Amino acid sequence: MPVFRRKKHWLAALTGVLLSSILLAACGENSPSILNVAGPVAESESSLFWLILYLALAIFILVEGVLIYSIFKYRERPGTPNPYQNHGNMLLELVWTVIPTVVLFVILFFTIRGLLQVAPEAEPAASASQPKIEVTAVGHQWYWEFYYPKYNVTTADTLEVPVGTTVHVKLFSNNVIHSFWVPSLTGKTDVVPGHDNTKWFVAQKTGLFTGICAEYCGTQHANMRFNVNVVDNSSFMTWISGQQQAAAAPTDALAQKGEALFKNQCASCHGIVGVNVTQFYNTAQECTDLPGGKANGTPQCLIGPNLTHFGSRSLIAGGVLDNNTKDNNCDPNNPNLMQSCNLAKWLKDPQAVKPGNDMAIGALSNAEIQQLIAYLEGLK
Ligand code: CUA
């Protein structure tokens, strides 16, 4: 009987096509996948994946092939005698014990090799041909903070790194366990309170790569995303020197009102260098008593992200929203500001955007939101 005569078979085939197209749709250029490789650590991980996949595929085809062949070749026909019984055949027993053992040892060998390739000990030493930067990634509930000790720069939601440079990441949390994962660049490592793990990676091409928190850490775990923005060396240095500056004082009246509002309403949770804090600081060293804003002295440790260069960021609200300033979306004079600007949505009702987060700003009028947007988006 032809395979597709029955309706059921058509349905099964259709479901298969739909499912596989959904799966393949996740393989776009920018999808966070270990198969979109952009550095040696991810390269090592994905080559192990392909090795195991191809081995398993070969075994599948071989076993299924023999099975299907046997089903047809040795099927029961009228008058056929009982087939040969091979129970206790030493040669066969040896063959099907030794081959899987060898296959598993091959996988074991490459797994151990992969582990050594991505281990902390395998981190390339800094040299003229292999420069290195250090970053502390701080897992908060629920956003990522990044601190560059050498440059004394703090940012959030986007980790900016130069291409072709070893990035040594110190992982720090003072709340719950998070997990730092940038599929295209490096595997997952837990960020454990009281246990300072490290991680290293090298990005071999420029571009934007998605980072994810890979350990359940509370209500908004799924919304604890970040970007890794890989740029060329001179852009990185330009970015660093911009980020090192204190916030520029606003010049227009609307933004000045926004700054006053910030001091009044936001400054107990967020820092802006030059406004309510005097400098950037390393949360991992100075704020081990968070949450609660308790500091081991000055400067004061704050629970929210540092906003000194907020306007220059591509993501806001812990990676849930784009900082969509293009096309005048967040121009304070845009009549559709409340609908078109993501920052407006966030300030209007942060609990609706990201339920359970720590942002407790109280009800702001549209005019106040407009003032805060004028101020914050101006902080380049
Ligand atoms: Cu942080 Cu999940």
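The values are calculated or read from the model by the stated rules, or taken from the named source; none is laboratory data. Given the structure is predicted, the values throughout are model-derived calculations rather than measurements. Note that each Cβ is placed from the backbone with ideal geometry, even for glycine, and that neighbours are counted across all protein chains shown. These accessible areas exclude ligands, DNA and RNA; they are computed on the full protein's heavy atoms, side chains included. Shrake-Rupley method; radii C 1.70, N 1.55, O 1.52, S 1.80 Å.
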Sequence ranges 129-138, 180-189, ranked by mean other-Cβ count within 10 angstrom, highest first: 180-189, 129-138
Three principal axis lengths of the chain [C-alpha, angstrom, descending]: 99, 55, 38
About the Cα centre, charge dipole magnitude for the chain (Lys/Arg +1, Asp/Glu -1 at Cβ), debye: 1300 debye
Carbon + sulfur, % of accessible area of the chain - ligands and nucleic acids excluded, 1.4 Å: 61 percent
Thr210 - accessible surface, heavy atoms, 1.4 Å probe, Å² rounded to 10: 30 Å²
Sequence-separation-based contact order of the chain, relative, with Cα cut under 8 Å and 6+ spacing, percent: 15 percent
Cβ-based charge dipole, the chain, positive-most Cα from Gly242, Gln371, Trp181: Trp181
Probe 1.4 Å, accessible area per residue of the chain, Å²: 55 Å²
Nonlocal amide H pairs with Trp144, under 5 Å, H built at 1.01 Å: Asp157
Point-charge dipole on Cβ atoms (K/R +1, D/E -1) for the range 160-285, about Cα centre, debye to 20: 80 debye
HN-Hα J in Hz across the range 168-173 - Karplus 6.51, -1.76, 1.60, θ = phi - 60°, x for Gly and Pro: 9, 10, 8, 9, 9, 9
Relative packing of peptides 70-83, 32-45 - highest average C-beta neighbours within 10 Å first: 32-45, 70-83
Amide H within-cut-off set for Lys170, under 5 Å, with H built and near neighbours excluded: Val135, Thr136, Ala137
Selected from Glu64, Glu215, Glu123 as most flexible by GNM, with the chain as the system and alpha-carbon contacts under 10 Å: Glu64
